[in-house]
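The block underneath contains the structure these notes are about, expressed in structure tokens.
The values are calculated or read from the model by the stated rules, or taken from the named source; none is laboratory data. What you are looking at is a predicted structure, and each value in this text was computed from that prediction instead of being measured. Cβ placement follows ideal geometry from the backbone for every residue including glycine, while neighbour counts extend to all protein chains displayed.
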Amino acid sequence: MTAPRLPERLKRLPVAHRALHNADTTCPENSLAAIRAAMTAGYAIELDLQLSADGDVFVFHDEELTRLTGASGRVDETPSDRLKALTLLGGREAPPPLAEVLALVSGAVPLLLEFKAQRDGGERLVAAAAALLRGYRGDLAVMSFDPGIVTLLARYLPDVARGLTTMTWRGAEAEGLSKATLARLNAIADYEATGATFISHHHRDLDSAPVTRLREQGADVLCWTIRSAAEEARARQIACNVTFEGYRAALP
């Protein structure tokens with residue numbers, strides 16, 4: 001059940017968080033414009049995946065449409081035709097379907113795709129995305145906060161590097177989680193069962209015991225989300241690569 005290792009370019013090229021977006025330009029997060037900007041700069045790209053009401057995969061972070069488009073409703077309750085008719089705030093383009101993104105990038109830079117948690121458990125999203133990704137020719141890795149989704153990725157995309165997005169859940173972030181779930185997530189206890197070969201961990205506690213354990217066992221460690229050169233320098237003492245936004249990470 002062990003997945004392939006991270007492609008070398010995903011360990012070498014800094015990863016633009018939600019592509020190379022900037023609130024002061026026409027490059028909103030997860031937009032084609034931000035993807036083109038990251039490609040021009042030579043960065044790897046991290047993107048988020050959600051499923052439309054009629055089963056199309058879109059690059060979009062939130063469950064709700066409001067923050068990013070000004071429209072009301074949930075992505076998973078919105079048909080793809082309506083999503084394509086929206087405009088991302090701060091830009092000129094609609095939320096992009098994954099198929100368009102894959103055609104645009106076409107292997108030019110590595111992709112790190114995060115599957116967002118789904119109310120139905122995620123199999124529809126994983127199956128729909130896998131149908132597009134199986135034929136993709138380019139450096140690629142997939143991940144999720146949800147261990148159940150990572151397990152599904154092992155079944156649908158066994159030949160693609162997969163990992164867990166992780167953090168130490170505490171305070172308001174942990175609200176709604178049972179004690180058992182909280183303990184399991186904070187221990188990154190699902191790593192072996194999902195067959196992951198990497199984690200992408202919150203940069204604030206890269207020195208935590210679970211991260212140290214996994215590093216010693218050979219896991220690749222990415223981190224999120226770095227917002228300055230100083231944070232990057234600290235993170236690179238532990239992580240093999242950084243996911244960044246708000247500044248330009250140093251290219252090798």
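Before moving on, here are some points about what is shown:
- Pairs with Cβ under 7 Å, 6+ apart, first in the stretch 74-93 and at positive phi and crowded, with 16+ Cβ neighbours inside 10 Å, second assigned to a loop (DSSP other than H, G, I, E, B) and not hydroxyl-bearing (Ser, Thr, Tyr): 90/23; 90/28
- For first residues located in the stretch 158-182 and under 18 Å from residue 194 (Cβ atoms), partners that are of a type in the set (Lys, Arg) and lie 6+ apart or on another chain with Cβ distances below 7 Å form the pairs 161/5.
- From the list 219, 196, 209, 172, the one residue that fits, being over 18 Å from the mean Cα position of the chain (by Cα) and at pLDDT 95 or above, is 209.
- Looking across the stretch 114-168, the residues that are farther than 25 Å from residue 208 by Cβ and acidic (Asp, Glu) come down to 120, 123, 139, 159.
- Restricting the stretch 117-139 to residues that are touching a helix residue (DSSP H, G or I) at 6+ places or on another chain (Cβ under 7 Å), buried (at least 18 other Cβ atoms within 10 Å of the Cβ) and in contact (Cβ under 8 Å) with a residue 60 or more places away in the chain, the residue that is farthest from residue 62 (Cα to Cα) is 139.
- For residue 204, the test of being surrounded by fewer than 17 Cβ atoms within 10 Å (Cβ to Cβ), touching a Ser or Thr at 6+ places or on another chain (Cβ under 9 Å) and under 25 Å from residue 235 (Cα atoms) is passed.
- Subset of the stretch 3-31 (residues that are outside any loop (DSSP other than H, G, I, E, B) and among the β-branched types (Val, Ile, Thr)): 15
- If you check 144, 106 for being of a type in the set (Gly, Ala, Ser) and under 14 Å from the mean Cα position of the chain (by Cα), only one passes: 144.
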